[in-house]
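Data first, discussion second: the structure below is written as structure tokens.
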Amino acid sequence: MSDHRTTTSGADMHELGPTGAVGGEHMVLNFGPQHPATHGTFRLLLELDGERIVRCTPYIGYLHSGFEKLGEHHTYNQYVTVVDRMNYMSPFANDLAYHMAVEKLYGIECTEYTQLVRLMLAEVARLQDHSFFLGTPALDLGSMTPFLWSFVGREECYDVFEFVTGARYMTAYTRTGGLMWDVPPDFKERIKYVADRTPGELDDIESILCSNPIWLSRMQGIGRITAEDVVDYGITGPNARASGVCRDLRRDQPYLGYEAMDFEIPTCAEGDCYARYIVRVEEMRQSARILQQAIRMLPDGGQVNVDPARKVTLPPKAEVHAKMEQMIHHFELIMPGSGGAPPVGEVYVANETAMGELGFYLVSDGTKFPYRVRVRPPSFLHYAMFPRLVEGRLLSDVVSVLSSLNIIAAELDR
């Protein structure tokens, strides 16, 4: 971090005025991107009156990857390797939302078996994302133990994705109309292991944090978001539900069979940092509850991809190497100027991810490449209201608020 007095000049510096009553000078502080709490990807320009924040200006662009533009240069199946890297805390959730938009564009629907597998992995991804959240605010505020304990559950989620896809992190498992391949025979046992252990692991972390007076004083009453703010700024997901806005697409616009699941939508009325923590903890308990139900509903096997005659899903690689028909099918889908083309039109699909509502808007001109890809990332909207939450508060509150919003920079810099 570096600081500059009011005499510093520069295009990105505020015009600073006197502090008023004390008659001193304001100070401009660059909080990040080198600060540990900003993870090398955020920059906050803070105007300070002592330790009180007078003005906050967030800057983005430190992790710019051009996600949306890259969508115009990849086919509808290839682009999944790019969206993997948006919210890198739960990559599968990005893949799922994107391919559901593609399937809406093509006018196809996955089999019930595939939808249930997708649902289960989406909830594992939610646990994976929230597990990371449980540890990082505590670490940013000086507590190491919850951070280490939370990674136990997160590693268990990694194990599930490695078992199913072969990759622990960037899975790229979904395909238009289905999945890369079927889940292994012991899939339900792996899911049950995660679902059974989650409540106990949450109890251990809560036993440390929820009775800690330092943790409570740094979280309670800090960074309040009102229900009106939620509507005005487009806040979604746990950050909205922590302010009393009970909206969840899994219930309000069901997909993947969520309408058949019995689960609750945790909410709080306080809207502060602590409420955002509590809502995510309870969401993890509900995810474990959903997984227990899905385990009982999932058959031992089923059809993974839509009818091959639709010419939208790549055939299995083993069959491409062994059968002429499948090799022809593969080339028709991959080679430019051959194979089927998507309908001309535009679609928008949003999913309830761990961060909030993640939406993909696709425009098709009938070629194999999207004409336009637009992403509605929840973190972008959450970060936009950050100045409102910290202005007038102390410098130390910046870390608490930033951690509680659980912002992922890769969703900002598109």
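Each reported figure results from applying straightforward, stated rules to the coordinates on display, with no laboratory input. Keep in mind the model is a prediction, meaning the values are calculated, not measured. Ideal geometry is used to build each Cβ from the backbone, glycine not excepted, and the neighbour counts take in all protein chains shown.
Details
- Linear extension gain, residue 331 paired with residue 72, 0.36 nm per residue minus alpha-carbon span: 91.2 nm
- The chain: most fluctuating residue of 71, 392, 135 per GNM, C-alpha cutoff 10 Å: 392
- Counting other Cβ atoms within 10 Å as a rough exposure proxy, the listed residues 171, 176 run 171, 176 from fewest neighbours to most.
- Cα-Cα over 26 Å, subset of 188/323; 104/368; 192/311; 69/368; 104/192: 188/323; 192/311; 104/192
- Sum of side-chain charges, residue 289 neighbourhood, beta-carbon under 9 Å (Lys, Arg +1; Asp, Glu -1): -1
- Across the chain, the mean sequence separation of Cα contacts (distance under 8 Å, 6 or more residues apart), normalised by length, yields a relative contact order of 23 percent.
- Full-extension gain in nm, residue 186 to residue 322, via 0.36 nm per residue minus C-alpha separation: 46.2 nm
- Local electrostatic count at residue 68 - Lys and Arg +1, Asp and Glu -1, tallied over other residues with Cβ under 10 Å: +3
- Local electrostatic count at residue 210 - Lys and Arg +1, Asp and Glu -1, tallied over other residues with Cβ under 15 Å: -3
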